[in-house]
Structure formats: C-alpha cells, structure tokens
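Please read the structure below before turning to the comments.
A short reminder: the numbers here are calculations on the coordinates, not readings from a lab. Computed from a predicted model, the values in this text were never measured in an experiment. In this analysis, Cβ positions are derived from the backbone assuming ideal geometry, glycine residues included, and neighbour counts consider all displayed protein chains.
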Amino acid sequence: MRKTILIAAIVMAVTPLFAQHHPGKHTPLVPGVHLKVVTDEVTIPFDLRLGSEVLKAGKYRIDCDHATLRFLNLSSGRVLELKCEGSEMEVNATQTEFETGGFAPDGVFVVQRMYLRGSPIEHVFLY
C-alpha cells in the first residue's frame with residue numbers, strides 16, 4: 001500500500017513538468033502536437049512586397065511558429081506579422097530564400113515564395 005501511494009505521489013509531482021507549455025518555444029499546429037519555432041536573421045537590401053504588405057530594406061529577424069510569420073526590423077523594432085500560408089515540404093529548407101516574381105506598379109519586388117532556413121513550410125504570398 002505504501003509503495004502504491006509513493007508511486008502515485010511521484011507521478012502527480014512529475015506530470016506537470018512534462019505538461020508545461022513554454023511560450024515562444026513551441027506552438028501547436030495541430031491540437032496536442034508541438035513544433036519548434038524557426039528563426040533566422042537576414043539582411044534585405046531592397047524593399048519587398050509580401051502580399052499586400054511592404055517590407056522595407058534592412059536587417060530582420062524572421063520567426064515562424066507554423067501559424068504566424070513575424071519579421072522584426074532589428075533597427076526600428078517594427079514588426080510585420082503575416083499568417084503562414086503555403087504547403088508543407090518533405091524536408092526543412094537549408095537556407096532562407098525569397099523567390100520574386102517581378103515588380104509591383106510602385107516599383108517594389110513582389111515576393112511569391114519564401115523558404116525560411118529550418119522550416120518545413122513553403123511560405124506563399126498572394127499579391
């Protein structure tokens with residue numbers, strides 16, 4: 001009886017440690033499944049149009065939690081948040097790349113796809 005009570009007490013004490021959610025570390029894509037946040041820093045030499053938003057030239061930290069894509073301008077602190085849209089790839093991207101598709105009427109490069117180093121998502125931007 002003492003052994004059963006001791007085991008039950010240990011399980012009850014340890015379970016919350018495994019069940020804790022650490023914000024910023026993992027974000028659920030599917031209920032019950034946690035994925036690691038992917039981050040990279042890039043320098044963008046010219047303005048880019050991502051859908052209806054314009055990302056000004058500068059140095060950025062890009063974070064993807066598989067639901068939201070965040071671009072933090074490291075100089076100004078301005079944050080651009082976009083919904084993650086696109087298909088999941090079989091492997092993670094090996095480097096961060098922007099695929100452009102010409103110019104918008106305002107002369108800004110239009111980004112069609114982005115691959116974030118370490119992310120399995122082919123991010124798509126509709127213009």
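The convex hull built on the alpha-carbon positions of the stretch 24-124 has an orientation-averaged projected area of 6.6 nm². Net charge of the neighbourhood of Phe125, taken over other residues with C-beta under 10 Å away and scored Lys/Arg +1, Asp/Glu -1, is -1. Packing, as the average of other Cβ atoms within 10 Å across residues, places the peptides 111-120, 47-56, 67-76, 84-93 in the order 111-120, 47-56, 67-76, 84-93, highest first.
About its Cα centre, the stretch 24-124 has a charge dipole of approximately 340 debye under the convention of +1 per Lys or Arg Cβ and -1 per Asp or Glu Cβ, with nothing else charged.
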